[in-house]
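Readers should treat all values here as calculations from the given coordinates under stated rules, not as data from a laboratory. Note that the structure is predicted; figures quoted are calculated from it, not measured. Backbone-built Cβ (ideal geometry, glycine too); neighbour counts: all protein chains shown.
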Amino acid sequence: MKILIKNVDIITCDSFKKIIKNAFVAIENGYIVYIDKNENVDFKPERIVDGKNKVLMPGLINAHTHCGMTILRNYANDLNLEEWLFNNILPAEEKLLPEDIYWGTLLDR
């Protein structure tokens, strides 16, 4: 599917922290194929989205996980944070093998 988002403000998150105002974004089969201040007349969208007063930005992805702690749930959970983490969880987590963490992450499914 071809989608055109027009009049949208884009936060690029590039090394220059550039913001593109009132831009056009062309998406084809789930991939961004065009970003510019001018509309690409060769791009024939099946759907047009008006992005006026909207912001387009990269998705927020949680890259901070605690896979190793999955199998330690409820272990020493009646303690304050510092005692729980530094005296119980981290020492226990250090003893886990990669295989332990692998099987532990499957418990969440």
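Observations
- For Asn88, the shell of other residues with beta-carbons less than 11 Å away shows a net charge of -4, using +1 for Lys and Arg and -1 for Asp and Glu.
- Selection from Val33, Gly59, Ile71 lying farthest towards where the dipole of the chain points positive, charges on Cβ: Val33
- Cα gyration tensor shape for region 67-108, rounded if a/c is under 1.5, else prolate or oblate: oblate
- Between Ile48 and Ile11, residue separation times 0.36 nm minus the direct Cα-Cα distance comes to 11.3 nm.
- Modelled FRET efficiency - R0 30 Å, Cys67 with Glu39, Cβ distances, 0.05 increments: 0.10
- Förster radius 35 Å - calculated FRET efficiency between Leu106 and Asp78 (Cβ-Cβ, nearest 0.05): 0.85
- For the chain, the antiparallel share of DSSP beta bridges with both residues in that region comes to about 65%.
- Kirkwood estimate for region 1-85, i.e. one over the average of 1/r between Cα atoms, Å: 16.1 Å
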